[in-house]
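Presented below is the structure to which this report refers.
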Amino acid sequence: MSDHETIAVYNAQAAEYAAMTESDARDKQLAAFIKALPAGGTVLDLGCGPGHCAEEMARHGLNAIAMDMSAEMVALAAARPGVKAQQGAFADLQDEAFYDGVWANFSLLHAPRADMPLHLAAILKALKPNGIFHVGLKTGTGEARDRLGRFYTYYEEDELLDLLRSAGLTPTKINRGRGTGLEGSVSDWITVAAHG
């Protein structure tokens, strides 16, 4: 994510966002993701936010690396036990066959639609063979800013699955739901687990 207005919102509201997302570490999908990884495996929390999920990964003995463009979020993530946090954009992912898993939970939705194929290709390249990928996005169409000024790209299920397959990723599990975000509105969402 390199949208300055979006990053500014997360920098300004890092504490509020951290409090709101504290329960993410107890998410059933995160638990399934962790369980599917090899013991002591290396995992990337891409767009990690305050690092709740990365901390949970580290707690389970994984080598947890967290990356976010928000300096305030990186500072929060870096303070969590066992988490190696670094500031970086999606486009900065240059690793090759390094990660057993990549967790991108409601982060890639801030990337422009035109950039998504490039980001998915980089993720596939960064994954070890048969590595696991998790992505969460808001469903809908188009691109827009929320009332806080954050940039979003919305995807319908078929479009997302086509993008994953075109990138060389194989979707294995889909979850759908609805939740309230930082700016207070309720949105429908989709998560997909896939492997390289």
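Taking the criterion of being assigned to a loop (DSSP other than H, G, I, E, B) and either surrounded by fewer than 23 Cβ atoms within 10 Å (Cβ to Cβ) or not basic (Lys, Arg) (or both), would at least one residue in region 112-122 satisfy it? Yes, that holds for at least one residue.
Check off (1) at pLDDT below 95; (2) not in a loop (DSSP other than H, G, I, E, B) for Ser2 and give me the number that stays unchecked. Only one criterion is unmet by Ser2, namely (2). Cβ-Cβ distances below 7 Å connect the following pairs, each with a first residue in region 152-175 that is at positive phi and touching a residue at least 40 places away in the same chain (Cβ under 8 Å), a second residue that is surrounded by 13 or more Cβ atoms within 10 Å (Cβ to Cβ) and not aliphatic (A, V, I, L, M), and a separation of six or more residues or different chains: Gly168/Gly196.
The sole residue among Gly179, Gly168 that is part of a loop (DSSP other than H, G, I, E, B) and among the small types (Gly, Ala, Ser) is Gly168.
Filtered by the rule that a residue be surrounded by 14 or more Cβ atoms within 10 Å (Cβ to Cβ) and within 20 Å of Thr180 (Cβ to Cβ), region 123-144 gives Gly136, Leu137, Lys138, Thr139, Gly140. Within region 120-142, the set of residues being touching a helix residue (DSSP H, G or I) at 6+ places or on another chain (Cβ under 6 Å) and more than 15 Å from His195 (Cα to Cα) comprises Leu137, Lys138. In region 147-165, of all residues being touching a helix residue (DSSP H, G or I) at 6+ places or on another chain (Cβ under 9 Å) and part of a loop (DSSP other than H, G, I, E, B), the one that is surrounded by the fewest Cβ atoms within 10 Å (Cβ to Cβ) corresponds to Gly149. The residue that is nearest to Lys173 (Cα to Cα), among those in region 9-41 that are surrounded by fewer than 18 Cβ atoms within 10 Å (Cβ to Cβ) and modelled with pLDDT of 95 or more, is Ala32.
Within region 152-196, the set of residues being in contact with an Asp or Glu (Cβ under 8 Å, 6 or more places away or on another chain) and not hydrophobic (A, V, I, L, M, F, W, C) comprises Tyr152, Thr153, Tyr154, Arg176, Gly177, Arg178, Gly181, Glu183, Ser185. Among residues of region 175-196 being surrounded by fewer than 16 Cβ atoms within 10 Å (Cβ to Cβ) and among the small types (Gly, Ala, Ser), the one that is nearest to Leu120 (Cα to Cα) is Gly177.
Exactly one of these conditions fails for Gly61: (1) on the phi < 0 side of the Ramachandran plot; (2) more than 16 Å from the chain's Cα centre (by Cα). Give me its number. Tallying (1) on the phi < 0 side of the Ramachandran plot; (2) more than 16 Å from the chain's Cα centre (by Cα), Gly61 fails exactly one: (1).
The values are calculated or read from the model by the stated rules, or taken from the named source; none is laboratory data. A quick note: this is a predicted structure, and the numbers were derived from the prediction, not measured. Neighbour counts are summed over all protein chains in view; Cβ atoms, including those assigned to glycine, are modelled from backbone coordinates with ideal geometry.
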